[in-house]
1. Can Pro72 be described as touching an Asp or Glu at 6+ places or on another chain (Cβ under 7 Å), more than 24 Å from Val21 (Cβ to Cβ) and modelled with pLDDT of 90 or more?
2. Just one of Asp50, Asp62 is over 11 Å from the mean Cα position of the chain (by Cα) and of a type in the set (Asp, Glu); which is it?
3. Please work out which residue is nearest to the chain's Cα centre (by Cα), limiting yourself to the stretch 126-158 and to residues that are buried (at least 19 other Cβ atoms within 10 Å of the Cβ) and closer than 15 Å to Ser69 by Cα.
4. Select, from Arg65, Arg56, the only residue that is modelled with pLDDT under 95 and of a type in the set (D, E, K, R).
5. Determine which single condition Trp5 fails, assuming it passes every other condition in (1) open to solvent by less than 40 Å² (accessible area, probe 1.4 Å); (2) without any contact (Cβ under 8 Å) to a residue 40 or more places away in the chain; (3) touching a Leu at 6+ places or on another chain (Cβ under 9 Å).
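The values are calculated or read from the model by the stated rules, or taken from the named source; none is laboratory data. Please read all numbers here as calculations on a predicted model, not as lab measurements. Here the Cβ positions follow ideal geometry from the backbone for every residue, glycine too, while neighbour counts run over all protein chains shown. Heads up: the accessible areas ignore ligands, DNA and RNA and are worked out on the full protein's heavy atoms, side chains in. Shrake-Rupley method; radii C 1.70, N 1.55, O 1.52, S 1.80 Å.
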Amino acid sequence: CYHMWHHEYPTLTGAPLPFEVKHSTQLLAQMLDAGTLKLKEFQGTITYHDPCDLGRKSGVIDAPRAVLSSIPHAKFVEMTNYGTNSMCCGGGGNLETFDPALPPKVASERLDDAVGTGANVLVSACQQCERTLMGAARKHEAARKARMKVMDVVELVAQQLSQ
């Protein structure tokens, strides 16, 4: 959605949009930087999966990391492939429609990368990535390979809001 609103609609309409388009992670980073959001301490290690459209296509790399780095006491670690070099989660581009066996394999590889960081929480900023990686996490847990919680950046921030 962000990519469409920020990049495609202005091209399709031939004019700039009459409003600023921000991704939720950009808005959260701005609010955290300004001090308008206060977060409580988090005990654990977090890693982040860059969604293809958000990271590689739209260049939103820093904002999600700024948000995660703003969570008190959270340890943030990068996977081996991140930012513009991030691996796909396996769920994009309607891949399931064309090859139903491939997305779980790709997601399992990505989850292995996340597990290799030592993190216990894998965060993304795309609901399709979250869904795909959550499926891989369930399979990993069932096979007793690893236990990994998968969630969205906004979901994690909401969980950590101070009262």
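1. On the way: touching an Asp or Glu at 6+ places or on another chain (Cβ under 7 Å): yes; more than 24 Å from Val21 (Cβ to Cβ): yes; modelled with pLDDT of 90 or more: yes.
For Pro72, the condition - touching an Asp or Glu at 6+ places or on another chain (Cβ under 7 Å), more than 24 Å from Val21 (Cβ to Cβ) and modelled with pLDDT of 90 or more - is met.
2. Selected residue: Asp62, the only one of Asp50, Asp62 that is over 11 Å from the mean Cα position of the chain (by Cα) and of a type in the set (Asp, Glu).
3. Val153
4. Selected residue: Arg56, the only one of Arg65, Arg56 that is modelled with pLDDT under 95 and of a type in the set (D, E, K, R).
5. With respect to (1) open to solvent by less than 40 Å² (accessible area, probe 1.4 Å); (2) without any contact (Cβ under 8 Å) to a residue 40 or more places away in the chain; (3) touching a Leu at 6+ places or on another chain (Cβ under 9 Å), Trp5 is out only on (1).
Per-residue answers, yes or no, for (1) of a type outside the set (Lys, Arg); (2) closer than 25 Å to Gly83 by Cβ; (3) open to solvent by less than 80 Å² (accessible area, probe 1.4 Å):
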{"site": "Leu17", "(1), (2), (3)": "yes, no, yes"}
{"site": "Ser24", "(1), (2), (3)": "yes, yes, yes"}
{"site": "Leu32", "(1), (2), (3)": "yes, yes, yes"}
{"site": "Gly35", "(1), (2), (3)": "yes, no, yes"}
{"site": "Gly44", "(1), (2), (3)": "yes, yes, yes"}
{"site": "Thr47", "(1), (2), (3)": "yes, yes, yes"}
{"site": "Pro51", "(1), (2), (3)": "yes, yes, yes"}
{"site": "Gly59", "(1), (2), (3)": "yes, yes, yes"}
{"site": "Asp62", "(1), (2), (3)": "yes, yes, no"}
